[in-house]
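Read the figures in this text as sums done on the coordinates, not as results from a lab. This one's a predicted model, so the numbers in the text were calculated from it and none came from an experiment. When we count neighbours, we look across all protein chains shown, and the Cβ atoms used for this are built from the backbone with ideal geometry, even at glycine.
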Amino acid sequence: MATANKSQEWIDRYVREVGRQLPARKQTDTEMEIRSLIEDEVEARVADGAARDEATVLDVLHQFGRPQQIAARYGAPQMLIGPALYPVFLNVLRIVLGVVTALAIFGVAIAAGVDGERPTILETVGGLFATLLQAGGMVVLVFALVERANRAELQREWQKPWDPRTLPAVEERDRVKVGEMLVGIGFSVAILIGLNFYLDRLGGYYVVGEGWRSIAIFGEAFFDFVPWLTLWWGSELLLSIVVLIRGRWQTWSRLVQLAINLLAAGILLQMLTGGPLAAWAPLEPVFKVTLAIALVAALFDAAKTAYRLVVQSGRSSPPRQVIT
Amino acid sequence: MMIESDTLPLVDNLTSELRRGVLALAVLAQCRAPQYGYSLKQRLAEAGLEVNEGTLYPLLRRLEEQALLDSEWRLAGESRPRRYYRINAAGEGALVVLKQEWQALNHALMRLLDGGDTAQEQ
């Protein structure tokens, strides 16, 4: 009697474990069917001479397979985000994580520059990680809900006829965009000239009596950074000219670009967290916010360049296959 | 030809996939008379098509959800319910198409396999 009860308990456990993993609408019916199928198997073995005991039941359950596998085969496809939504999800996730990272760095930079808060690297990275996790989780949740609510419609959409002419053009990432490059070169030249020849003349001009007077914008501390800023923009200019002549981005030029981006981020960080840069105090917060934005842009550019370097290194030429 | 031991699991997987592919056709053909899970499994095994429970039983439900089989609960013995499956009109239509497809596939494969043997011999 005890053995019979134990055998029954194993069947109950198995059926419950499968049912637990099924959608609610399928649970009762499927549980009833699996129980009936198990009983049939056990009965057949008993008819073939096996004892109706725990060992026989366990063997039958073992043969049925893991409850998770059975449940997966009885239930709907178990996926949070299906193939129809996945590419959109990936794009949205990238954008959200990029924006959140930029905002988080901007926030830290502003706090450091304006309020003088200096969190440790560990605090900053930890905070950023938690924020990214939260943002990523939210995106997954939203897409999972959209998938769940529209599964049938998405599957219909997925099965619709497809036209290859709707394929987007392949973006040639390595080819230089001449227009963009020329604008960049002009900008670098203008900054270099401004920094080295006109910095002391930049300011607010006004007329008093018969003559012009001016208020300087940049304080002494700013002038200390001029050599560094010249190095940054000079390298940028030189690289742009070389890449423009060669017509393509290559691994070495991307590496140099990455180094310039990191140099820029370092200079901007120093400026942001150092002493007052404006000659006129009310301008200081404007300076710091501008520097924070520039820092985020420099880090974003560095990340973009690093990503392209990784993509470039992973893109090996396809092997030549000859069918003989 | 000897099969290397680390290739065996792969061959097992491919064999399972091959069997799974034709299973729906075999099930539809056998459900012209009402069948419950175990009786169907036995019939297939007697015909030489051994199928795992975890594959066969969920397939029956799937074919029912796809409206190719009908099902009803009947009492087996004193009180135990048992679910019986039977092909319906839509299933019969699908079976005709699948059977033709199988014959064409079988014909094509046999030609390919014979050709493969010939090429190997040369």
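A few comments on the model shown:
- Spacing of the modelled spin labels on A:VAL170 and B:LEU75, each 7 Å from Cα toward Cβ, amounts to 7.0 nm.
- Working from label points 7 Å from Cα in the Cα-to-Cβ sense, the A:ALA55 to A:ILE193 distance is 9.6 nm.
- For the range A:213-297, fraction of C-alpha pairs farther apart than 19 Å, in %: 48 percent
- Theoretical FRET efficiency, 1/(1+(r/R0)^6), r = Cβ-Cβ of A:ALA4 and B:TRP102, R0 60 Å, to 0.05: 0.85
- Given their separation in residues at 0.36 nm each and the Cα-Cα distance between them, A:LEU141 and A:ALA111 gain 7.7 nm when the chain is fully extended.
- Using a simple spin-label model with pseudo-atoms 7 Å out from Cα toward Cβ, A:LEU262 and A:ALA297 lie 2.2 nm apart.
- Kirkwood Rh, Cα atoms: Rg over Rh of the range A:65-192: 1.15
- Geometric extent, Cα atoms of the range A:1-138 - Rg, Dmax (angstrom): 26.8, 85
- The mean number of Cβ atoms from other chains found within 10 Å of a Cβ in peptide A:22-31 is 1, as a whole number.
- Peptides A:271-282, B:103-114, B:13-24 ordered by packing proxy, namely the average of other Cβ atoms within 10 Å per residue, highest first: A:271-282, B:13-24, B:103-114.
- When the alpha carbon gyration tensor of chain B is reduced to an equivalent ellipsoid, the three semi-axes, largest first, read 34, 19, 11 Å.
- Label point 7 Å beyond Cα of A:THR273 along Cβ direction - residues of the range A:119-142 with amide nitrogen under 18 Å: A:119-129
- Stokes-Einstein translational diffusion, the protein assembly as shown - Kirkwood Rh over all Cα pairs, 0.692 mPa s, 37 °C, in µm²/s: 110 µm²/s
- Per-pair calculated FRET efficiency, R0 = 51 Å: A:LEU93 and A:TRP280 via Cβ, rounded to 0.05: 0.70
- Placing a label point 7 Å from the Cα of A:LEU103 along the Cα-to-Cβ direction, no residue of the range A:279-303 has its backbone N under 13 Å from that point.
- Using alpha-carbon coordinates, inclination of helix B:37-46 to the longest axis of chain B, degrees: 40 degrees
- Number of partner chain Cβ atoms within 10 Å, mean per residue of A:270-282: 0
- Shielding score for A:290-303, defined as the mean number of other chain Cβ atoms within 10 Å: 0
- Cα gyration tensor shape for the range A:33-74, rounded if a/c is under 1.5, else prolate or oblate: prolate
- The long axis of helix A:24-47 is offset from the longest Cα principal axis of chain A by roughly 40 degrees.
- Degrees separating the helix A:251-273 axis from the principal Cα axis of chain A, which is the longest one: 70 degrees
- With a cut-off of 13 Å on the backbone N, the residues of the range A:12-44 near the modelled label site 7 Å out from A:GLN78 along Cα-Cβ are A:17-23.
- Charge-dipole axis of chain A as Lys and Arg at +1 and Asp and Glu at -1 on Cβ define it, positive-most pick from A:ILE193, A:ALA51, A:VAL18: A:ILE193
- Here the Kirkwood formula, the inverse mean of 1/r across different C-alpha pairs, assigns the range A:1-59 a hydrodynamic radius of 12.0 Å.
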